């Protein structure tokens, strides 16, 4: 527990006053006194069990004071903190707080907050907030094992904090869609009285107001089927349904494929058709890929496949002879050759060799 800086009337502390102390560790208290310019302050710790109080005096000069307090191993337990302050030989009572605790030497985690929140963050952007964990104990505080829900992240994810020091942590909120989000940051510590530091996270994201481009392909796969030596051309359409210009900085293609377009700018709501040509002097099957580099985070790819066929050689089925003259009135057998030669393979067919 921390006492606010204005807890004691007429005195303003430089920072909230912790009420949990550890033996063997030095604690500094400082602030401004409005009651007088020069004098003394007494911080008296009275044990709940009775016995001798522990006293710490601070000199006030020019309305300011600074003092360090520390407890022995024998001075452990619960105390009432009583404050006296004045400029004379007798220090008047100012105020008191019941519930100050002095513990044995150990690490002690004191987070600066128990919750973080974000509002009105645009989807697709990032926003950060920070917090600190102070080690108010008297030995190293080890922090590890962070656990958050999407879309939150933290840096660093672990730390060792010396006694009396603090460590800053940054929590990022990275929404990709609009909506409300909650999460919980859980930090495991070696503080025996506070083994887990928990910070609740809440956030809301709105639709992105920043113009952004988009890319839609009419197809992601193109296939060709043509004869060797006969080029074949097909087209693909690139559309930009976004709200900003789509900058195509490079269009690369591999394999026996070509395109005449290498760069382009496609305005918001516009489209571009590009031609892809396949040509091969050798028969077979082929594959390739078109890669589009744009002002979007990811590259875009189009898969290409093709088959090149050997064309049929000139020639076809024929009759030999192609005409026969028969004498008038005669009927009888005669020879007729049918040549079904295609390329370098052929079949000669006659009535005797059907």
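Any read-out appearing in this document is the output of simple, stated calculations on the displayed coordinates, not a laboratory observation. On a predicted model such as this, the values are computed, not experimentally measured, just so you know.
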_Computed log₁₀ I(q)/I(0) - Debye formula, equal Cα scatterers, no solvent, region 50-169, q 0.12 Å⁻¹_ = -0.71
_Counting DSSP beta bridges with both ends in the chain, the antiparallel % (nearest 5)_ = 85
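Taking every DSSP beta bridge with both residues inside region 109-206, roughly what % is antiparallel (nearest 5)?
Around 85 percent of the beta bridges assigned by DSSP in region 109-206 are antiparallel ones.
Restricting things to alpha carbons, find the Rg to Rh ratio for region 2-103 using the Kirkwood radius for Rh. The partial results should precede the final answer.
Working: Rg = 13.0 Å, Rh = 13.8 Å.
Radius of gyration relative to Kirkwood radius: 0.95.
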*Measuring from the lowest to the highest alpha carbon on each principal axis, how far does the chain reach, largest first, in angstroms?*
161, 41, 29
*Compactness of region 109-206 - radius of gyration and Dmax, Cα, Å*: 14.2, 45
